[in-house]
Amino acid sequence: MRELLLRRDILAGLVVTAAALVVYAFFAAGYDAGRGDIFYLAKAFTEGKTWLDFRPGPWDVIVQDGRFYVPFAPFPSILFVPPAVVFGPETLDKWEPFIDALIAAADVGLCWMLLGRLGVQRLSDRFWLAVLFALSTPMLGVTTRGGVWHTGQILATLLSLSCLLLLLGGRQRPLLVGFLAGAAFLTRPPVAFALPFYALLVERREHPATADVPGGFAAGGVRGWPIREWFAMAVGFGFSVAFFFWYNLIRFGSPLESGYALAALPDFLQQQRAIGLFSVRHIPMNIDYFLLKMPTLIAEFPFIRPDGLGLSVLLTSPGLLLAFFAPARSSRAWWLAGAAIAVLLPTLLYYGGGWLQYGYRYFLDSVPFVIALCGLAVAKAGRLSWLWVALIVFGVVINFIGVYWVYNG
């Protein structure tokens with residue numbers, strides 16, 4: 001019986017993943033972002049260069065000594081070195097919508113697996129949570145629009161989900177978690193702030209002297225802390241930190257200069273950056289894009305029109321409110337909530353605000369942790385109520401309208 005249930009689980013997960021691939025590929029196929037920087041930089045790496053020989057676009061480019069640098073984190077380009085050599089960056093650039101759809105569908109597959117490990121037993125409940133993740137978060141809009149900015153985000157989401165899968169259920173592999181968290185940092189730097197919470201998710205070893213002592217305290221102090229596991233995680237992550245400083249140094253002469261402070265920008269973003277790359281003065285703008293911004297009502301289909309700068313998560317992703325019902329006494333829930341907040345904070349301080357977006361795309365960095373909280377909430381309740389299904393469907397409709405404006409805005 002257990003083997004039959006496992007087969008149903010795997011088959012359902014494969015079907016959901018395949019369906020997500022079809023939906024993402026269909027929506028992304030007609031949109032050309034025109035920024036396949038990842039693939040051209042991958043080819044440049046094989047030639048011993050950290051720059052491009054051409055200007056890939058008017059913005060987000062640094063011009064120095066006739067060389068064209070891009071500020072984006074390097075891991076996606078490192079990952080695509082083999083296919084760039086085999087197929088060429090021009091071909092990969094043309095294939096980018098399908099590549100993005102493939103990565104995003106893999107995200108959905110990992111989300112399905114994670115929900116199972118968190119105790120969401122009913123396949124129907126897991127299906128609706130997967131729909132919430134796939135179609136009622138920035139995943140849909142980011143995958144549809146493509147381009148160097150968005151490919152990096154869905155890849156970072158994949159890496160964050162992989163870390164959670166290794167930590168939440170089964171044998172924990174802290175060294176591998178450290179490597180994956182480091183790769184995520186070299187893809188989307190804000191996700192590095194999840195690392196302390198990954199460490200807290202590592203299971204403590206029970207010590208004989210403290211087995212019956214609440215909290216694990218004994219006369220000699222705290223026992224059972226997973227020091228070796230934390231060290232292994234730090235070592236795995238440390239390689240990426242060292243690479244980050246070296247990469248910045250050889251490009252711009254400073255280990256702390258990523259290029260974001262140097263990149264060409266339109267006038268309104270230059271004014272924002274002049275306030276500070278990170279500043280508390282950017283918080284009201286980002287809170288507006290994230291929580292408060294509403295679309296304009298119009299008389300014709302689809303009856304709402306966004307301005308492209310942001311849209312309240314309460315409108316695009318109301319189903320994620322389920323996360324607030326995760327078990328309050330679960331340490332896992334607290335660490336996941338901490339990770340979601342820690343990853344979000346740097347982007348609330350950032351000058352960019354996400355630029356062209358439907359919803360608040362920077363929130364995608366936090367979504368793996370929030371969807372895990374939703375999974376814990378459903379596991380606690382035993383099932384997903386019709387009210388939550390209705391909210392998920394509402395969010396999906398709003399995000400489908402977003403895809404409409406991608407092509408008609």
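Annotations for the structure displayed:
- Selection within the range 290-339 - over 26 Å from Gly352 (Cβ atoms), small (Gly, Ala, Ser) and surrounded by 13 or more Cβ atoms within 10 Å (Cβ to Cβ): Gly319, Ala326, Ser330, Ala333
- Odd one out for Trp386, checked against (1) touching an Asp or Glu at 6+ places or on another chain (Cβ under 6 Å); (2) farther than 27 Å from Gly338 by Cβ: (1)
- For Asp65, the conditions (1) at pLDDT below 95; (2) closer than 30 Å to Arg383 by Cβ are fulfilled apart from (2).
- Top-ranked residue of the range 135-154 - restricted to ones that are small (Gly, Ala, Ser) and touching a Ser or Thr at 6+ places or on another chain (Cβ under 9 Å), ranked as surrounded by the fewest Cβ atoms within 10 Å (Cβ to Cβ): Gly152
- Residues in the range 266-317 that are basic (Lys, Arg) and closer than 24 Å to Leu132 by Cβ: Lys293 alone.
- Listed by first and then second residue, the pairs linking a residue in the range 156-177 that is under 16 Å from Ile103 (Cβ atoms) to a residue that is crowded, with 17+ Cβ neighbours inside 10 Å and at pLDDT below 90, with Cβ atoms under 6 Å apart and 6 or more places separating them unless they lie on different chains, form an empty list.
So that you can scan it fast, the table gives a plain yes or no per residue for (1) modelled with pLDDT of 95 or more; (2) surrounded by 15 or more Cβ atoms within 10 Å (Cβ to Cβ); (3) in contact with a Phe, Trp or Tyr (Cβ under 8 Å, 6 or more places away or on another chain):
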| position | (1), (2), (3) |
| --- | --- |
| His207 | no, yes, no |
| Thr210 | no, yes, yes |
| Ala234 | yes, yes, no |
| Tyr247 | yes, yes, no |
| Asp288 | yes, yes, no |
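- Count of the range 361-378 residues which are over 12 Å from the mean Cα position of the chain (by Cα) and either more than 17 Å from Trp335 (Cα to Cα) or at pLDDT below 95 (or both): 1
- Residues considered: Val241, Val280. Of these, the only one that is surrounded by 14 or more Cβ atoms within 10 Å (Cβ to Cβ) and either touching a His at 6+ places or on another chain (Cβ under 6 Å) or not hydroxyl-bearing (Ser, Thr, Tyr) (or both) is Val241.
- Flag if Val403 is in a helix (DSSP H, G or I), buried (at least 20 other Cβ atoms within 10 Å of the Cβ), out of contact with any strand residue (DSSP E or B) (no Cβ under 6 Å at 6 or more places or on another chain) and not aromatic (Phe, Trp, Tyr): yes
- Highlighted here are the helices (runs of 4 or more DSSP H) found entirely within the range 138-202 that include at least 2 residues which are farther than 23 Å from Gly395 by Cβ, out of contact with any strand residue (DSSP E or B) (no Cβ under 7 Å at 6 or more places or on another chain) and not charged (D, E, K, R): 148-167, 174-185, 195-201.
The values are calculated or read from the model by the stated rules, or taken from the named source; none is laboratory data. Bear in mind that the values here come from a model prediction, so they are computed numbers and not experimental data. Please note: Cβ atoms are built from the backbone with ideal geometry, for glycine as well, and neighbour counts cover all protein chains shown.
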